[in-house]
1. Which condition from (1) part of a strand (DSSP E or B); (2) within 14 Å of ligand 1 (Cβ to nearest atom); (3) open to solvent by 60 Å² or more (accessible area, probe 1.4 Å) is the one that B:Asn22 breaks?
2. With respect to the numbered conditions (1) under 28 Å from B:Val186 (Cα atoms); (2) open to solvent by less than 50 Å² (accessible area, probe 1.4 Å); (3) within 14 Å of another protein chain (Cβ to nearest Cβ); (4) away from ligand 2 (no atom under 16 Å from the Cβ), which one is the sole condition not fulfilled by B:Met1?
3. Could you tell me whether B:Asp87 is part of a loop (DSSP other than H, G, I, E, B) and either within 16 Å of ligand 2 (Cβ to nearest atom) or among the hydrophobic types (A, V, I, L, M, F, W, C) (or both)?
4. I'd like to verify a number: residues in the range B:108-127 that are within 7 Å of another protein chain (Cβ to nearest Cβ) and part of a loop (DSSP other than H, G, I, E, B), how many?
5. Need at least 3 residues that are in contact (Cβ under 8 Å) with a residue 24 or more places away in the chain and within 14 Å of another protein chain (Cβ to nearest Cβ) per element, so show me which strands (runs of 3 or more DSSP E) inside the range B:141-226 make the cut, counting only ones lying wholly within it.
6. Considering only residues that are within 14 Å of another protein chain (Cβ to nearest Cβ), assigned to a loop (DSSP other than H, G, I, E, B) and near ligand 1 (Cβ under 10 Å from one of its atoms), which ones fall in the range B:29-58?
7. For B:Thr189, indicate whether it is modelled with pLDDT of 95 or more, more than 16 Å from ligand 2 (Cβ to nearest atom) and of a type outside the set (Lys, Arg).
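The values are calculated or read from the model by the stated rules, or taken from the named source; none is laboratory data. Treat the numbers as computed from the prediction; the structure is a model and nothing was measured. Positions of Cβ are backbone-derived with ideal geometry, glycine not excepted, and every protein chain shown enters the neighbour counts. Accessible surface is based on the protein model in full, side chains and every heavy atom, while ligands, DNA and RNA are left aside. Shrake-Rupley method; radii C 1.70, N 1.55, O 1.52, S 1.80 Å.
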Amino acid sequence: MAQSSSAKVRRGAVAPKIGLFGLIRAAFEHHSHTFQDSLKRLAKDPLQTLMTASVIAIALSLPATLFLVVDNARQFENNFESFSQITAYVDNSANQKQIATIKTQLQAIPEVAAVMYISPEQGLQEFTENSGFGSALKYLESNPLPPVFIIEPIADVALEANQVQPLLAKISQIAEVEDTQIDMLWLQRLRSLTQIGQQIVFALGFVLGLGVLVIIGNSIRLTIHGRREEIIVVKLVGGTDAYVRRPFLYSGMLMGLIGAMGAALIIVIGFWWLSGSVAQLSELYNSQFRLHSLGVQGCLALIAVGASLGLSGSWLAVTRHLKDIKPR
Amino acid sequence: MIHFDNLTKRYSGGYEALKGINLNVNAGELAFLTGHSGAGKSTLLKLLMLLERPSSGTLLINGKNINRLANSKIPAYRRQLGVVFQDHQLLMDRSVFDNVALPLQVAGQSRKEIGRRVRAALDGVGLLLKERHSPAMLSGGEQQRVGIARAVVHKPRILLADEPTGNLDPGLSAEIMALFRRFQDVGVTVLIASHDIDLINQMNCRIIRLEQGMVADDGGTHGSVF
Ligand SMILES: Nc1ncnc2c1ncn2[C@@H]1O[C@H](COP(=O)(O)OP(=O)(O)O)[C@@H](O)[C@H]1O
Ligand SMILES: [Mg+2]
């Protein structure tokens with residue numbers, strides 16, 4: 001106590017000139033200090049942080065997972081594009097010359113990309129090899145298989161059901177063609193399913209995104225309440241609204257970021273766990289299809305979304321609740 | 001430096017805490033604001049800190065009318081002031097150093113400059129050795145000195161104190177007052193609200209006495225350049 005009277009008061013010391021560089025450095029120092037402070041505060045209450053982050057992680061992982069599922073389904077569709085081919089069965093009595101004419105006629109159709117002819121003999125041979133009924137087929141007196149054309153439509157047609165029907169009509173018009181068959185109804189069904197899935201992704205993403213905003217907003221509201229005293233003092237010594245807001249914005253952003261990292265982790269692990277069985281299943285069906293997970297870009301995008309939601313949520317909370325604290 | 005012209009403050013309940021105040025405090029002056037509890041001392045200081053807005057009349061600071069100062073300009077205005085409170089308003093979750101550093105941090109000073117100035121301010125109030133302590137570990141008198149260090153660390157031109165010795169015994173109060181006197185010596189305009197008449201009389205300064213929201217006595221201009 002007694003030393004107070006002997007202490008010198010250093011006033012009027014010359015303040016060093018602060019240039020632009022100094023200002024930038026001070027601003028950088030302040031931001032990094034605030035950021036570290038926000039991190040420390042989150043670390044100080046790990047249970048609360050963990051709980052909030054988990055809720056955010058779950059809320060984000062749901063739409064993100066569904067998005068991936070839909071994306072995979074679309075990939076799957078594209079993988080099976082060759083299935084959207086048309087088989088044209090030709091009259092058994094057609095001779096070589098007629099077959100050649102049919103082929104040129106088919107090739108002349110603009111919607112047709114490729115035509116492949118399979119003779120009854122080839123068909124029988126393939127069937128014998130693949131079906132395992134080879135010995136049984138030997139007892140047949142004559143080859144029951146008709147000549148077949150495999151027609152691959154151009155990509156535009158293959159993807160649109162309403163364009164396939166006119167093409168089928170054109171093919172059927174050829175005199176010797178007895179029957180046509182397309183194998184894409186299931187693909188159409190899958191396609192409409194993925195379309196619905198996409199809409200659900202948007203709706204779910206919207207709702208859960210709002211949920212994340214509310215969660216973070218609420219968490220920030222509590223933090224603001226807990227730091228009320230500090231806010232008042234900061235305002236008393238001339239802190240701007242931006243200065244007061246900043247630590248809360250950082251906290252919200254960090255919370256969203258951590259939650260999104262959790263969501264990315266959940267998804268990556270979940271898909272990695274699933275991918276083995278999907279690959280096995282896909283091999284059974286002779287397919288090249290492989291489950292694809294988030295990837296680096298997807299993870300970064302998810303984290304960016306989480307951070308932005310965190311920032312927006314805390315912005316809303318701060319704007320709403322700082323007004324209640326006097327002084328202005 | 002500080003000029004009140006027919007200033008009235010009516011609180012939202014309709015109560016008139018200040019009625020037609022006319023006052024002038026010159027630069028470098030040390031003046032006391034006294035009066036019974038409820039006389040309007042705190043209200044007058046709150047108007048100066050822009051914690052409250054006047055209902056009518058004019059308030060000039062350094063020749064500038066602050067009645068109509070935009071809300072966005074308030075922070076910059078407050079940085080010209082140093083403020084001390086009876087309950088010192090220290091943050092117990094951070095060190096003495098960090099408390100004193102606050103006015104410099106909000107002003108965007110560099111870390112180096114903050115360190116230099118905070119230590120100078122703490123040295124000024126004789127607490128340099130306690131910079132790492134929490135304010136909670138300090139005595140009442142020490143806490144108030146930390147509050148004063150925080151109020152002067154950014155070299156304000158005006159220092160406002162509301163009952164700065166309210167919780168202290170007479171000996172400590174005299175020390176705190178001596179500190180304020182030293183700030184006046186280096187050119188700071190100091191306005192202190194206090195009802196501790198004995199202490200004020202010892203200081204031999206200008207005493208402004210408020211009574212029911214009006215200036216009852218603006219005597220004792222001893223030692224001032226009024
Ligand atoms: N925020 C407020 N709302 C309404 N009345 C108030 C408010 N603050 C103070 N007052 C009233 O104004 C009068 C002056 O108060 P104050 O300035 O605190 O006096 P002092 O500091 O001299 O004790 C008191 O009667 C008090 O009740
Ligand atoms: Mg008072």
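1. With (1) part of a strand (DSSP E or B); (2) within 14 Å of ligand 1 (Cβ to nearest atom); (3) open to solvent by 60 Å² or more (accessible area, probe 1.4 Å) applied to B:Asn22, the lone miss is (2).
2. (3)
3. Considered against the rule, which asks whether it is part of a loop (DSSP other than H, G, I, E, B) and either within 16 Å of ligand 2 (Cβ to nearest atom) or among the hydrophobic types (A, V, I, L, M, F, W, C) (or both), B:Asp87 comes out as yes.
4. 5
5. Those strands (runs of 3 or more DSSP E) span B:158-162.
6. Passing the criteria: B:Leu51, B:Glu52.
7. yes
Listed here are the residues, each with its yes/no results for (1) within 26 Å of B:Ala136 (Cβ to Cβ); (2) surrounded by 19 or more Cβ atoms within 10 Å (Cβ to Cβ).
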site	(1), (2)
B:Asn62	no, no
B:Arg68	no, no
B:Ile74	no, yes
B:Val83	yes, yes
B:His88	yes, yes
B:Arg117	yes, yes
